[in-house]
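**Q** Sharing a structure with you now.
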Amino acid sequence: MKLFTKTAAALALTASMAFAQSTPAPEGAEVYFVNLEDGATVSAPVKVVFGLSGMGVAPAGTEKENTGHHHILVDRAPLGEGPDGEEELQNALPADENHVHFGGGQTEVELDLEPGEHTLQLVLGDMNHVPHDPPVTSEQITITVE
């Protein structure tokens, strides 16, 4: 049992170290909203089309230089800001209601957002969902859902 525990601990440490390494992003890489702009008023479901220049899209788990996959941050501080900002830039993005993953390489989605004001930000993640270095993010936008 002790051997299993030590092996499991070593594997967990190795995995966490792998997630803590940032993948380089090429200079000038950009991710952006194709069909939405800051201050837009939209109706639900909200269609969001992701734009990317200077890099390519590849599904999560695909190790290929200058690629990544999309994430949308919903109703939270911009990436890297807030109490865990620095740590957030070095680790895999969580999967929850504020961090929507598109690990299949998707380039658009329909979000079912409640009426009201919402913030959105696109973030490109590497094969392990870790933001690139430097991070490839859009500006955070605010939209109103009617």
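**Q** For residue 8, indicate whether it is modelled with pLDDT of 95 or more and of a type in the set (Gly, Ala, Ser).
**A** So residue 8 fails the test.
**Q** Right, here's the next one. Only residues that are over 15 Å from the mean Cα position of the chain (by Cα), free of Cβ contacts under 8 Å to residues at least 40 places away in the same chain and part of a strand (DSSP E or B): list them for the range 20-69, please.
**A** 53
**Q** Does the range 121-132 contain any residue that is within 17 Å of residue 42 (Cβ to Cβ), surrounded by fewer than 19 Cβ atoms within 10 Å (Cβ to Cβ) and touching a residue at least 60 places away in the same chain (Cβ under 8 Å)? Before you say what the answer is, go through the steps one by one.
**A** We begin by selecting, within the range 121-132, every residue within 17 Å of residue 42 (Cβ to Cβ); these are 121-122.
Filter once more, so that each one left must be surrounded by fewer than 19 Cβ atoms within 10 Å (Cβ to Cβ): none.
Within the range 121-132 (the criterion being within 17 Å of residue 42 (Cβ to Cβ), surrounded by fewer than 19 Cβ atoms within 10 Å (Cβ to Cβ) and touching a residue at least 60 places away in the same chain (Cβ under 8 Å)), the answer is no, since none of the residues qualifies.
**Q** Check whether at least one residue in the range 46-56 is at pLDDT 95 or above, polar (S, T, N, Q), closer than 16 Å to residue 34 by Cα and touching an Asp or Glu at 6+ places or on another chain (Cβ under 6 Å), and report yes or no.
**A** Yes, because at least one residue in the range 46-56 is at pLDDT 95 or above, polar (S, T, N, Q), closer than 16 Å to residue 34 by Cα and touching an Asp or Glu at 6+ places or on another chain (Cβ under 6 Å).
**Q** Being surrounded by 16 or more Cβ atoms within 10 Å (Cβ to Cβ) and under 15 Å from residue 137 (Cβ atoms) narrows it down to one of 113, 79, so name that one.
**A** 79
**Q** Give me the strands (runs of 3 or more DSSP E) completely within the range 79-146, filtered to those with at least 2 residues that are out of contact with any strand residue (DSSP E or B) (no Cβ under 7 Å at 6 or more places or on another chain), more than 24 Å from residue 63 (Cβ to Cβ) and at pLDDT 95 or above, ordered by residue number.
**A** none
**Q** Separate question: Here are some conditions: (1) buried (at least 20 other Cβ atoms within 10 Å of the Cβ); (2) without any contact (Cβ under 8 Å) to a residue 12 or more places away in the chain. Residue 96 meets all but one. Which one does it not meet?
**A** It fails just one condition, (1).
**Q** Residue by residue through the range 40-76, note down the ones that are over 20 Å from residue 108 (Cβ atoms) and surrounded by fewer than 13 Cβ atoms within 10 Å (Cβ to Cβ).
**A** 61, 63, 64, 65
The values are calculated or read from the model by the stated rules, or taken from the named source; none is laboratory data. Note that the coordinates shown come from a computational prediction; the quantities given were computed from them, not determined experimentally. FYI the Cβ positions are ideal-geometry reconstructions off the backbone, even for glycines, and counts take in every protein chain you see.
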